[in-house]
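Worksheet for the structure shown next.
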């Protein structure tokens, strides 16, 4: 039985990943290691809390003693590192928190994994450190072109700079110690269990509550949207089949401007939920500092090497997402 240490497993993508893996595999154990910040919610995992293959440990990835004890007690095979501060706006006001968790926390995980896995004769068989990163480390694109794995890193916010730094530390452990690792860099995820500060759940919530819908600047910033379950499938493939030391970009081929996203949500809710929800709720607000204009990922490498592709088209995924949030009573609070 393989044991996965999933850090940040009570967060958006982490909780979706744990649910996906336990549903797909019978012969695995998952240790969910999460600090439970404002964005972590164990309710996301309520359906598996009694599953004998699942263990939750509350902790900070910067805590060397606690992380070391987890490796010693559970004989970890794979680390899947989702743990991170992720909200760009918060990174602008408190960059030091992002540096501590995203950089120093990742280094602590790497050191603890190395101490557990590296023996005199070499690395243990069947171990891997998978670091989940973001397309934001590449910076901003113009009207054309795509991010490749070989695109130079050019982060523009404290958040993306902290993620780029952690990526480079993971790479350094591969180059220095030959650690078995992979890095995945994904585009914007959407789907169930995302905290309400992010664009899609925020817009759904504000619409339901007839609150203003804040849109940065002209609303024409472009993001490549990826349904979260498709991302989970990609991570699973990279863990099991990805070439050691490689970086894999994971993108949805679903480019949309922010204003398109907002209007799509409004249209669905107007037609299917409440006819009083209209575009009159939209409010253009001052643009975010250093707001990247466009992200777009070329996922050719993971498609060609591992056979992964985004299965959920945006038109279907956004409806599934809206319906999920409408079924959750807390969105109306």
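Values in this text are rule-based calculations from the coordinates and carry no lab data. Everything quoted here is computed from the prediction, not taken from an experiment. All Cβ positions, even for glycine, are placed from backbone atoms using ideal geometry, and neighbour counts span all protein chains on display.
Each of residue 210 and residue 46 was given a label point 7 Å from its Cα along the Cα-to-Cβ line. The distance between the two points is 2.8 nm.
Shape summary: region 202-275 maps onto an equivalent ellipsoid whose semi-axes, from the alpha-carbon gyration tensor, are 33, 15, 10 Å in decreasing order.
Computed over the chain, the P(r) curve from all C-alpha pair distances, binned at 20 Å from the origin, holds 31, 59, 9, 0 percent per bin.
What the Cα atoms of region 30-89 give is an Rg and a Dmax of 12.5, 38 Å. Residues of region 192-216 with an amide N closer than 11 Å to a point placed 7 Å from the Cα of residue 320 along the Cα-to-Cβ direction: 192.
Once the Cα atoms are used to define both axes, helix 228-241 deviates from the longest principal axis of the chain by about 20 degrees. So what's the convex hull volume per residue for the Cα atoms of region 33-153, in Å³? Dividing the Cα hull volume of region 33-153 by its residue count gives 168 Å³. Extents of region 190-318, largest first, come to 51, 34, 20 Å (Cα atoms, principal axes, whole angstrom). Can you tell me how region 215-254 classifies by the Cα gyration tensor, rounded, prolate or oblate, using a/c under 1.5 as the rounded cut? Prolate, because a/c is 1.5 or more and a/b exceeds b/c.
With each label modelled as a point 7 angstrom along the Cα→C-beta vector, the residue 279-residue 97 pair spans 3.6 nm.
Geometric descriptor of region 140-227, per residue, is 142 Å³ (volume of the convex hull of the Cα atoms). Here region 1-55 is treated as a sphere whose radius is the Kirkwood value from Cα pairs; by Stokes-Einstein at 20 °C and 1.002 mPa s it diffuses with a coefficient of 195 µm²/s. Could you please state, rounded to a whole Å, how far the C-alpha centre of region 274-314 is from the C-alpha centre of region 6-68? One Cα centre to the other: 26 Å. Given axes a ≥ b ≥ c from the Cα gyration tensor, I'd like to know whether region 272-330 is rounded (a/c under 1.5), prolate (a/b larger than b/c) or oblate. Judged from the Cα gyration tensor, region 272-330 comes out oblate (a/c at least 1.5, b/c at or above a/b). Ordered by the count of other Cβ atoms within 10 Å of each Cβ, fewest first, 147, 129 give 147, 129. Computed per residue of the chain from DSSP H runs no shorter than four, each worth -39500 (n - 2.57), the mean residue ellipticity at 222 nm is -11500 deg cm²/dmol.
Here the gap between residue 89 and residue 287, fully extended at 0.36 nm per residue and compared with their Cα-Cα distance, gives a gain of 70.2 nm.
The label point for residue 168 and the one for residue 25, both projected 7 Å from the Cα toward the Cβ, are 3.2 nm apart.
Subtracting the Cα-Cα distance of residue 144 and residue 119 from 0.36 nm times their residue separation leaves 4.3 nm of extension gain. What angle, in degrees between 0 and 90 and rounded to the nearest 10, separates the Cα long axis of helix 105-117 from the longest principal axis of the Cα atoms of the chain? The two axes meet at around 30 degrees. Here, P(r) means the percent of Cα pairs in each 5 Å bin from 0 to the largest distance; for region 79-225 it is 2, 8, 15, 18, 18, 14, 10, 6, 4, 2, 1, 0, 0. Can you give me the angle between helix 64-74 and the longest principal axis of the chain, using Cα atoms only, in degrees from 0 to 90, rounded to the nearest 10? It is inclined by approximately 70 degrees. Which residue fluctuates most in the GNM of the chain (Cα springs below 10 Å): 238, 70, 228? Checking each option, the largest mean-square fluctuation is seen for 70. Rg/Rh for region 103-188 (Cα atoms only, Rh after Kirkwood) is 1.04.
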